[in-house]
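Please treat every number below as a calculation from the coordinates, not as lab data. Keep in mind that what you see is a predicted model, and the values were worked out from it rather than measured. Positions of Cβ are generated from backbone atoms using ideal geometry, with glycine treated the same way; all protein chains shown enter the neighbour counts.
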């Protein structure tokens with residue numbers, strides 16, 4: 001089995017897509033920033049390529065390795081979640097880790113358009129919906145009844 005040019009392209013695209021999401025996370029000073037997102041995306045792509053090449057004609061082996069990638073990434077995501085008195089922190093980071101791995105797997109499987117569209121949608125969600133959340137929080141704080149008034 002030989003590494004083909006399409007496999008190298010898949011890994012490079014995974015690094016690029018992981019970078020786009022990682023930069024957004026880095027700018028927000030999140031625990032899983034640029035390097036983490038790139039490494040997860042590239043790693044998932046490489047595992048998917050290896051799985052595809054090792055599996056040959058048998059689809060079951062390909063899906064078995066893919067399932068283990070998902071499990072491993074779930075473990076990483078769980079480590080990003082912290083519970084304290086203020087509530088639960090890191091859920092978006094954990095979800096981003098999970099999503100970046102799926103983008104890497106899409107690259108490794110050769111689904112470049114899917115990986116590209118998913119990356120664009122992720123950026124839209126991370127940036128765009130952040131502004132919506134801020135607006136909702138401001139609206140909620142204005143709607144809170146004043147508990148000090150008797």
Please determine, in degrees from 0 to 90 and to the nearest 10, the orientation of helix 34-55 with respect to the longest principal axis defined by the Cα atoms of the chain, where the helix direction is its Cα long axis.
30
Quick one: helix 91-108 against the long Cα principal axis of the chain, what's the angle to the nearest 10°, folded into 0 to 90?
20
Residue 91-residue 3 FRET efficiency (beta carbon distance; Förster radius 30 Å; 0.05 resolution)
0.20
Degrees between helix 129-143 axis and first principal axis of the chain (Cα, 0 to 90, nearest 10):
20
Residue 12-residue 65 FRET efficiency (beta carbon distance; Förster radius 30 Å; 0.05 resolution)
0.90
Determine, at each q value in 0.11, 0.12 (inverse angstroms), the log₁₀ of I(q)/I(0) that the Debye formula gives when each Cα of the chain is one equal point scatterer.
-0.49, -0.56
Gain in length, residue 127 to residue 31, computed as 0.36 nm per residue apart minus the alpha-carbon separation, to one decimal in nm?
32.9 nm
